[in-house]
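*Asks:* First the structure, which I've put down as structure tokens, then a few questions once you've had a look.
The values are calculated or read from the model by the stated rules, or taken from the named source; none is laboratory data. What you are looking at is a predicted structure, and each value in this text was computed from that prediction instead of being measured. Positions of Cβ are generated from backbone atoms using ideal geometry, with glycine treated the same way; all protein chains shown enter the neighbour counts. Surface accessibility is based on the protein's heavy atoms, side chains included, excluding ligands, DNA and RNA. Shrake-Rupley method; radii C 1.70, N 1.55, O 1.52, S 1.80 Å.
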Amino acid sequence: MNPTVVFATEDAGPPEVIKQVAGAGVKVVTLSNKHTPETAKERILKIGEVLNLTEAAEKLAADLQTDLDAAKAKVAEVKSHPKVLFIYARGGGVMNVSGTGTSADAIIGLAGGENAVQGYESYKPLTAEGAVEAAPDVILVTTRGLASSGGVEGLLKQPGLDLTPAGKAGRVVAMDDLYLLGFGPRLGNAVQDLCGELHPASDPAEKN
């Protein structure tokens with residue numbers, strides 16, 4: 001049985017497929033694909049409205065705001081802003097690095113870090129030269145991506161990563177794909193968890 005409602009972000013496609021779905025009598029609801037806390041709350045409320053679950057959606061959005069406020073307070077206490085290189089690994093040696101304008105770039109900033117790559121938008125393949133130039137303090141990956149790369153040891157064998165401050169220190173942080181990048185109801189918790197990983201209590205900068 002086909003669903004009566006399909007939720008899709010603005011970048012979903014191909015457009016022809018979306019038109020075919022709508023033409024089959026399925027209601028297609030388009031959601032913003034922006035990577036902001038405000039958008040996360042807007043999507044929750046929109047889905048609740050469409051599914052006639054407004055009250056539940058409002059509570060979920062309020063809970064998210066509470067978590068975001070706690071995350072903001074936690075980030076406000078940090079004294080360092082480590083450079084973070086997000087690598088999207090898909091297995092088979094395919095690795096792309098996040099520039100600006102991505103969900104990875106957004107959550108790094110929310111968690112008190114600085115995206116190590118500022119020279120381009122979206123993703124580009126990892127190169128040894130690019131990794132060394134970025135000089136990240138922390139390498140961030142998804143748990144699935146890390147597993148497909150052979151764990152931390154396998155990941156750091158990729159071009160140039162072992163020459164970076166993060167590679168030399170073995171500072172690799174892995175988080176669940178959807179939890180880290182989904183910008184959904186768990187966003188506030190994800191920001192707090194990533195902040196904790198980027199600013200461990202043992203970090204000398206946190207003791208000053």
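*Asks:* Which whole-number value in Å³ per residue fits the convex hull of the alpha carbons of segment 1-79?
*Replies:* Taking only Cα atoms, segment 1-79 has a hull volume of 105 Å³ per residue.
*Asks:* So how strong a dipole does segment 101-208 carry about its Cα centre when Lys and Arg Cβ are +1 and Asp and Glu Cβ are -1, to the nearest 20 debye?
*Replies:* Computed about the Cα centre, the dipole is about 160 debye.
*Asks:* Using r as the Cβ-Cβ distance of ALA70 and GLU42, and R0 as 25 Å, what FRET efficiency do you calculate, to the nearest 0.05?
*Replies:* Plugging the Cβ-Cβ distance into 1/(1 + (r/R0)^6) gives 0.80.
*Asks:* Something else now. Show me the ranking of peptides 83-90, 45-52 by mean Cβ neighbours inside 10 Å, starting with the highest.
*Replies:* 83-90, 45-52
*Asks:* What part of the accessible area of the chain, given as a whole %, is carbon or sulfur when the probe is 1.4 angstrom?
*Replies:* Within the chain, the accessible surface is 53 percent carbon and sulfur.
*Asks:* With a ≥ b ≥ c the root eigenvalues of the C-alpha gyration tensor of segment 138-208, is it rounded (a/c under 1.5), prolate (a/b larger than b/c) or oblate?
*Replies:* Cα axes put segment 138-208 in the oblate bin.
*Asks:* Counting helices only, and only those DSSP H runs with n ≥ 4, report the 222 nm mean residue ellipticity of the chain as the sum of -39,500 (n - 2.57) divided by its residues, in deg cm²/dmol to the nearest 500.
*Replies:* That calculation yields -13000 deg cm²/dmol at 222 nm.
*Asks:* For a test of the definition: using alpha carbon positions, the gyration tensor, and the 1.5 limit on a/c, classify segment 97-153 as rounded, prolate or oblate.
*Replies:* Working: a/c = 1.60, a/b = 1.22, b/c = 1.30.
Because a/c hits 1.5 or more and a/b fails to exceed b/c, segment 97-153 counts as oblate.
*Asks:* I need to check one value: relative contact order of the chain, counting alpha carbon pairs closer than 8 Å and at least 6 residues apart, in percent.
*Replies:* Relative contact order here is 21 percent.
*Asks:* Taking the simple approach of a point 7 Å from Cα along Cα-to-Cβ for both ASP162 and SER122, what is their distance in nm?
*Replies:* About 3.3 nm, to one decimal.
*Asks:* Hey, what do the phi angles of segment 23-35 turn into as Karplus ³J(HN,Hα) couplings, whole Hz, using 6.51/-1.76/1.60 and θ = phi - 60°, x for Gly and Pro?
*Replies:* x, 8, x, 8, 6, 9, 10, 8, 10, 4, 9, 6, 9
*Asks:* Using the Cα gyration tensor of segment 127-175, with a ≥ b ≥ c the square roots of its eigenvalues, what is the shape: rounded (a/c below 1.5), prolate (a/b larger than b/c) or oblate (neither)?
*Replies:* Cα axes put segment 127-175 in the prolate bin.
*Asks:* Would you work out the charge dipole size for segment 151-193 about its Cα centre, treating the Cβ of every Lys and Arg as +1 and the Cβ of every Asp and Glu as -1, and quote it to the nearest 20 debye? Kindly include the intermediate steps, with their values, before the conclusion.
*Replies:* Values: 4 positive and 5 negative charges, 27 e Å.
Charge dipole of segment 151-193: 120 debye, to the nearest 20.
*Asks:* Does anyone have the angle between helix 187-198 and the longest principal axis of the chain? Alpha-carbon axes, 0 to 90°, nearest 10?
*Replies:* Computed tilt is about 0 degrees.
*Asks:* Let me ask something additional. Take every Cα pair under 8 Å in segment 1-84 that's 6+ residues apart, average their separations, divide by the length, and report that relative contact order as a whole percent.
*Replies:* 20 percent
*Asks:* Could I ask something else about it? Answer with one residue from THR100, VAL191, LEU156: the one whose Cα lies farthest towards the positive end of the charge dipole of the chain, charges on Cβ with Lys, Arg +1 and Asp, Glu -1.
*Replies:* Among THR100, VAL191, LEU156, the one farthest towards the positive end of the dipole of the chain is LEU156.
*Asks:* For the peptides 21-29, 112-120, 59-67, what is the packing order when you average, over each peptide's residues, the other Cβ atoms within 10 Å and list the highest mean first? Walk me through the intermediate numbers first.
*Replies:* On the way: 21-29: 12.3, 112-120: 20.0, 59-67: 15.4.
Descending mean neighbour count gives 112-120, 59-67, 21-29.
*Asks:* Write down the Å³ per residue value for the convex hull defined by the alpha carbon atoms of segment 48-110.
*Replies:* With only Cα atoms used, segment 48-110 gives 137 Å³ per residue.
*Asks:* Given labels modelled 7 Å from the Cα in the Cβ direction, how far is it in nm from ASP11 to LYS27?
*Replies:* Those two pseudo-labels are separated by 2.7 nm.
*Asks:* Stokes-Einstein at 37 °C, 0.692 mPa s, Kirkwood radius from Cα pairs: D for the chain in µm² s⁻¹?
*Replies:* 177 µm²/s
*Asks:* Follow-up. Above 18 angstrom, tally the Cα pairs of segment 57-175 and express them as a % of all pairs, no decimals. Walk me through the numbers on the way to the answer.
*Replies:* Numbers: 3664 of 7021 pairs.
Everything past 18 Å amounts to 52 percent.
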